[in-house]
Structure formats: structure tokens, C-alpha cells
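Student: Could you have a look at this structure, given as C-alpha cells, before my questions?
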Amino acid sequence: MKRSVISAILAVAATFSMGAQLPVGMNPPYPPAYYGTMMPVQLPPDIQEAPDSLTPLFVNHIGRHGARFMSSDKKVKRLGGTLDRALAASSLSTDGHRLAAMVREVERRTDGRWGALDSLGHAEQTAIATALNSALPGFFTAGNIMAMSSYVPRCVESMYTFCHRLGQLDNSLQITASSGPDYDALLRFFDTDMDYARWLGHGSWKKIYDSYVEANVPLEPARRLFSTGYLLPESELRKITLDIYALLQSLPAAGINASPAPFLTPGEFEACWKASNLYHALERTATPWSKLPARAAGGLLREIVSSTQTFIDDPAARNLVRGMFRFGHAETIMPLFSLMGLPGCTVPDNATPETLSDYWTDSYVSPLGASFMLIIYRSPSGGIYARTLLNGRPVIPWPEANATIVPWGALRDYWMKKTL
């Protein structure tokens, strides 16, 4: 699974940022996949249209906000404080001085914009809306769409950018967009589901993750920042290494074109990504150690199914509303895609912490700007069919299906069983 997922990501590297050149740091031997959930989405040149015999009826969408600056200054300040203390002790190496300069550059560029959607994030949402409109020519020339987002500003901006683009392309389209805490149960269930929230804070996953970090995250990147004789505990050195990785993986999305090479070797970069990848899987997906994260998305999946069925059953509503569009977080879509059973988005029961990255890649499941589209069609005979697209590419909606366009009833029943 690992090879197929990463190969698919690398195969479309030329389309990064909707056709732009890959930044310096995201070229082999530092592949885009190893930037994890900070990798900007890589869209195909276009979304293939469905067969002419199928008439589109309805679109149901769930997506992650677009590219952003680092979500907070916590790790940057922690790393900067560590470097400042070494500097005060005259124990900062050449690499340490270089990293301190990069920390200052990130702080300068991001000041006042921590977690904010950036220009690439706006471009991602514009491109997704443009591709959807091209795949469904004429579909949005009439009727209404309904959009909702998490209250977090980057999600709200993603929603508005997406809707604005659809409105630009079809200026007769009516758009209803809203956001706020009223949608928390759907889009921020990781906060409202108390069992899940407690598990995130105190669950057994922490011991699994900490043990993996202790055994696999290298000490050398942190040690290279300091002069010989400047001693820190190994646990502190590992945290510094992971903070270096967090800083470096954020650079392409923030528009800073720099290579990780001065600070992390390719092997060290991969090791840090594997730890981060494990962290996201343990917290946000069904794994051999807990199914709770996926189960927490049950309400959202039921809502997607029920809203789709409502518009299938009610021709008047279907003619009025052409689509529903939701904008959330990585923490929203990773559990959802796991519960859905989307290929490449699930962790098999035979995975171990050491082998998990062979099966599950966070940059494939939830890059910045990730989107999932459920498009409903009617055949000439009246049959209702569903097409599923992940990041603009048709996907087989469950492992046992043999096509990317399947009878809606079969997909509905499969998903509903998942929520029981």
C-alpha cells in the first residue's frame, strides 16, 4: 500500500499547486509525501466527466481548509527559546545559527497570521471549485448550493473562496453559506464527543506513540545545533528534532522555498515523518489499538447519507439545491474517511507501529485542501448511482467494490452499517 500511495503522489508532482513548479524542498530525496498533513493538495489537471448516459442530480462534499501558515507559534517559540539559551551559553553551532535565522524568518512572515489561510490556500479552493464546475458542465447554472464551515477563520475563508469561484463561473447560482459553533457536532466532533475528547487527552495511544518516538526519532539533528559539550537529555533532544521537522514541513505551504537539507538528512526527515504519520493515525483513524476515532465520525457520515437520500427522494428539493459543501479540518476528515472505508484511508488490523507507514500515509488522506466529493446521478432507466472522488480523482468507494461509479443504495447501506 505504501508504495502505491506514494507513487501516486509522486506521479502527479508536476501538478503541485495547480500546475506550479515544486518548491526546492519538496523534490527527491525529500518527497512531497513526507511533508505529511502540511503537504498542499496535488490536483489532477481536470476531473473526468461521467458517462453521457448519466444525469447529475446532487453533489455532497466534505473538505479540509486550504493551505495555511503554522497553526500557532508554540513550536516556533519553543525552538527559538532553545536556540536562544544555547546562544547565551556560547554553545550554538553553525547549524544552530542557520536554524535560528530560519526561525526568525518564519516568525517575521507569519507574525499575526498564525493558522491563517494563505494565498496557496485560496488558490487550492478556487481550483477545486473550477474543476468541479468543469466536470459538471451547466449543472450549477441554476438552483442553490448550501455551504457550512467550522467557525475557525481558515475554514470560513476556504468556504467563501470556494463558493465565490462557483458563483463567478455561474452567476445565476444562489449561494447560502454559514459557519459557527452550531456545526461543531458535525465538523468538530473531536471537541463535542466527550468520550473521544477524553481519549485524545488521556488514551492509551500516547504510550504507543511515545515508545515509537523513543526508539525511532533521531537525536543527531538536535545535537548538530549545539557545540560539543552542550548537554541535554535525550528526551529533550528528540522533541527538538520533531520541532525542527514541524518547522521545515510548514515552509512550502507558507511560501518559503527552502530545503530541509541543512538540518535533516533524507533519512532523518523520513523518520520524523513516520513518527508524525503514526501520531495522526493513532489519534484520528481506526487502528488495531482503537476504533474510537472513526466511530466518532458516525454522526457526520449519517448526515451525509441522510442529506443525500433526502434530495434523491424529493425532486422539488433536488431542483432547488444542487449541492451541499462542508469545510472542516484534518481532524474532521481523517476519522470520516477511515469510517467510510475509503481505500488508502484505512489502517489494517495487522499493522504495527513500525509497519503502519507501509499502509497509511497522512499526506494522501489529508493534505492541505483535501476534498471528498459524492456525486449522485440518474441513469436513463431511473437507477440512482454514486461517484466518489478524493482530491479530484475517482476512487473505488469501498474495498470490495469494483468500480468508481456504484449503485447508490449499495453505497448507502455499506456506509450506514459502518455507523452502527
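The values are calculated or read from the model by the stated rules, or taken from the named source; none is laboratory data. Everything quoted here is computed from the prediction, not taken from an experiment. Neighbour counts run over all protein chains shown; Cβ positions are idealised from the backbone, glycine included. To get the accessible areas, we keep the full protein, side chains included, count just its heavy atoms, and leave off ligands, DNA and RNA. Shrake-Rupley method; radii C 1.70, N 1.55, O 1.52, S 1.80 Å.
Student: From the alpha carbon gyration tensor of the stretch 61-168, can you work out the equivalent ellipsoid semi-axes (sqrt of 5 times each eigenvalue) and give them in Å, largest to smallest?
Tutor: 42, 13, 8
Student: Along the charge dipole of the stretch 90-198, Cβ charges K/R +1 and D/E -1, which of A123, M148, N171 sits furthest on the positive end?
Tutor: My answer, from the dipole projection, is A123.
Student: Right, something else. Using 0.36 nm per residue of separation minus the Cα-Cα distance, give me the extension gain between A185 and N350 in nm, one decimal.
Tutor: That works out to 56.2 nm of additional length.
Student: Can you pick out the pairs among K77/K274; K274/K417; K239/K418; K75/K418; K74/K417; K74/K418 whose Cα atoms lie more than 30 Å from each other?
Tutor: Correct reply: K274/K417; K239/K418; K75/K418; K74/K417; K74/K418.
Student: Against the longest alpha carbon principal axis of the chain, how many degrees, from 0 to 90 and to the nearest 10, is the axis of helix 234-250 turned?
Tutor: With rounding to tens, the tilt is 50 degrees.
Student: Moving on. Within the stretch 404-420, list the residues whose amide N lies under 16 Å from a label point set 7 Å along Cα→Cβ of I396.
Tutor: Residues passing the 16 Å test: 404-407, 411.
Student: Figure the gain on full extension for T141 and Q174 (residue separation times 0.36 nm, minus the Cα-Cα span) and round it to one decimal in nm.
Tutor: Extra length from T141 to Q174 when fully extended: 11.0 nm.
Student: Label-point separation (nm) for W289 and E49, each offset 7 Å from Cα along Cα-to-Cβ?
Tutor: Going from the W289 label point to the E49 one covers 4.9 nm.
Student: With a point put 7 Å past each Cα toward its Cβ, work out how far S381 is from S211 in nm, to one decimal.
Tutor: 5.4 nm
Student: Continuing with this model, one more query. Considering only the other residues whose Cβ falls under 15 Å of the Cβ of G115, what net charge follows from Lys and Arg at +1 and Asp and Glu at -1?
Tutor: Around G115, the surrounding residues sum to +3.
Student: On to the next question. With a ≥ b ≥ c the root eigenvalues of the C-alpha gyration tensor of the stretch 186-281, is it rounded (a/c under 1.5), prolate (a/b larger than b/c) or oblate?
Tutor: Oblate is the answer for the stretch 186-281, as a/c is 1.5 or above yet b/c matches or exceeds a/b.
Student: Could you state how much accessible area Y377 has, in square angstrom rounded to the nearest 10, with a 1.4 Å probe and all protein chains kept in place?
Tutor: 0 Å²
Student: Here is a follow-up. What is the stretch 89-223's relative contact order, in percent, from Cα pairs under 8 angstrom and six or more apart in sequence?
Tutor: 20 percent
Student: For the stretch 181-248, what is the charge dipole size about the Cα centre, in debye to the nearest 20, if Lys and Arg each add +1 at the Cβ and Asp and Glu each add -1 at the Cβ?
Tutor: With only Lys, Arg, Asp and Glu charged at Cβ, the dipole is about 340 debye.
Student: Can I ask one more? Place +1 on the Cβ of every Lys and Arg and -1 on the Cβ of every Asp and Glu in the chain, take the dipole about the Cα centre, and give the residue among L79, P51, V213 whose Cα lies farthest towards its positive end.
Tutor: Farthest towards the positive end: L79.
Student: For Y230 and S306, calculate 0.36 nm times their separation in residues minus their Cα-Cα distance, and state this gained length in nm to one decimal.
Tutor: Full-extension gain reported as 21.3 nm.
Student: What relative contact order, as a whole-number percentage, does the chain give when Cα pairs under 8 Å and 6 or more residues apart are counted?
Tutor: Contact order relative to length: 28 percent.
Student: Can you give the helix-only mean residue ellipticity at 222 nm for the chain, where every DSSP H stretch with n ≥ 4 adds -39500 (n - 2.57) and the sum goes over all residues, rounded to the nearest 500 deg cm²/dmol?
Tutor: Counting only the DSSP helices, I get -14500 deg cm²/dmol.
Student: Take the Cα gyration tensor of the chain, multiply each eigenvalue by 5, square-root it, and list the three semi-axes largest first, rounded to whole angstrom.
Tutor: After diagonalising the Cα gyration tensor, the semi-axes are 39, 23, 19 Å.
Student: Turning to a different aspect of this structure: Just need the relative contact order of the stretch 299-367 here, percent rounded to a whole number, with Cα pairs under 8 Å and 6+ apart.
Tutor: With pairs under 8 Å counted, the relative contact order is 26 percent.
Student: Antiparallel as a % of all DSSP beta bridges within the chain, to the nearest 5?
Tutor: 55 percent
Student: So, R0 is 41 Å and r is the distance between the beta-carbons of T94 and H202; what FRET efficiency does that work out to, to 0.05?
Tutor: 0.50
Student: Dipole of the stretch 332-420 (Lys/Arg Cβ +1, Asp/Glu Cβ -1, origin at the Cα centre): which of T332, I405, T352 lies farthest to the positive side?
Tutor: Working it through, the farthest residue towards the positive pole turns out to be I405.
Student: Evaluate the distance, in nm, between pseudo-label points positioned 7 Å from the Cα of A316 and of A403 along their respective Cα→Cβ axes.
Tutor: Here the modelled spin labels are 3.3 nm apart.
Student: Shifting gears a bit: With +1 on each Lys and Arg Cβ and -1 on each Asp and Glu Cβ, how big is the dipole of the chain about its Cα centre, in debye rounded to the nearest 20?
Tutor: Result for the chain is approximately 220 debye, rounded to the nearest 20.
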